[in-house]
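For reference, the structure is listed below as structure tokens.
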Amino acid sequence: ETGVTQTPRHLVMGMTNKKSLKCEQHLGHNAMYWYKQSAKKPLELMFVYNFKEQTENNSVPSRFSPECPNSSHLFLHLHTLQPEDSALYLCASSQHSSGTVETQYFGPGTRLLVL
Amino acid sequence: GQQLNQSPQSMFIQEGEDVSMNCTSSSIFNTWLWYKQDPGEGPVLLIALYKAGELTSNGRLTAQFGITRKDSFLNISASIPSDVGIYFCAGRNNAGNMLTFGGGTRLMVKP
């Protein structure tokens, strides 16, 4: 148990569906992240939120839409996805402050299959 | 962009053997992290390294932050079946709080 939870753990959706992934961290951190993990590829950073503000969008298609209502919750809204979007989506959190280093703690991930 | 080369990509060893894996980069990092990922789970932090030359242990695991700040090593001594999984290195430089991940080393242990 890392203090970062994700729901659902598994999701199957059609290309016309709209769904949302949820992440919650119980560590008091102020930064949250979405990563995509595909087979045989390194972890790909998608979005970074610092103090609820999006600070990074790593050229992610607009069919992925993040939302960070507060520093403990992070959502990833999905619509009109493609089969190649099937992957493990990982959420992470860290305590970010200027001039210090921090480590990221990961949730268990949501295994997404797009049909 | 930055890349981390992690090797080997996979290892199949006998229980009780020692394991070594490493990550190298063309860029300097100020932090090196090692994670382990079990099937169907997210990566779990094993060891964090913050200074060049630092050597840190966590049970049977030992990791080192290379002097050049461009590499890091992870050693596992006396491997056991539950060591099976994918091990990832990650590096962080001064450019914000973003991590760059290696491609992972898949470890398989034969009882």
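Rule-based calculations on the coordinates, nothing more; no lab input. No experiment lies behind these values; they were computed from the predicted model shown. Cβ atoms come from the backbone with ideal geometry, glycine included; neighbour counts cover every protein chain shown.
For the residues of B:26-36, the average number of beta carbons from a partner chain within 10 Å of their own beta carbon is 1. The lysine pair tally for the protein assembly as shown, using Cα distances under 23 Å and a gap of 8 or more places or different chains, is 16. For chain A, relative contact order (Cα pairs under 8 Å, six or more residues apart, normalised by length) works out to 37 percent.
For A:E56 and B:V44, what is the calculated FRET efficiency with R₀ set at 22 Å and r taken between the beta-carbons, to the nearest 0.05? After rounding, the FRET efficiency stands at 0.40. FRET efficiency for the pair A:K41 and A:V12, taken as 1/(1 + (r/R0)^6) with r the Cβ-Cβ distance and R0 = 22 Å, rounds to 0.55. Put in order of Cβ neighbour count within 10 Å, fewest first, the listed residues B:S26, A:S93, A:S59 become A:S59, B:S26, A:S93. Distance between the pseudo-spin-label points of B:R106 and B:A78 (7 Å out from Cα toward the beta carbon): 2.9 nm. For chain A, the list of Cys residues with no other Cys C-beta under 4.7 Å reads A:C68.
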